[in-house]
Amino acid sequence: MAVRGIRGAITADSNTVESIHEVTRELILEMIERNTLDTAEIASAMFTTTPDLNASFPAYAARMIGWIGVPLICTTEIPVPNALARVVRVLLHYNTDLPQAAMHHVYLRGAVALRQDLVERFGAAPSE
């Protein structure tokens, strides 16, 4: 069994606790669905936010949906000039026998602009 990485990103409407938790939950649930993940096999998750999102930790949303035993960490990204605003990113580390090429990366809302190549490869979310 190998540990595979699955990337995802989403934009938040505002720098509020509610918005950060809402979009983070939306993103991780979509990542679980698209990859048919067994949450017991999630090895860890790393969350990042752009510097303009500091009202709460995105990892808290993961705890609220039951990721109690999953090691989580949050960090703030470097302030790159002209970067997309209000972005939550996640890198899931997943234990699986599937090859890396089978992992479906997820970009939602305004974050679609970050990796149009992956959106084209893996498809947009049904609500988009």
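Throughout, read-outs are computed from the coordinates displayed, never taken from laboratory work. Small disclaimer: the values here were computed from a predicted structure and weren't measured. Cβ sites come from the backbone with ideal geometry, for glycine too, and all protein chains shown count toward neighbours.
Some observations on this one:
- In the elastic network of the chain, a GNM with C-alpha springs shorter than 10 Å, the most mobile of Val90, Val80, Val17 is Val80.
- Spin-label pair Ile65-Thr16: with each label point 7 Å from Cα along the Cα-Cβ axis, the two points sit 2.1 nm from one another.
- Computed about its Cα centre, the charge dipole of region 2-122 is approximately 180 debye, with only Lys, Arg, Asp and Glu carrying charge at their Cβ.
- One entry in (i) 1.04; (ii) 1.32; (iii) 0.99 is Cα Rg over 2.2 N^0.38 Å calculated from the shown coordinates; its label is (iii).
- Positive-pole candidate from Ile28, Pro81, Ala59, dipole of the chain, charges at beta carbon: Pro81
- Between Met46, Met64, Met31, the residue with the greatest mean-square fluctuation in the GNM of the chain (Cα pairs under 10 Å linked by springs) is Met64.
- DSSP-defined antiparallel bridges as percent of all bridges, the chain, nearest 5: 70 percent
- Per residue of the chain, the DSSP helices (runs of n ≥ 4 H) give a summed -39500 (n - 2.57) that works out to -7500 deg cm²/dmol at 222 nm.
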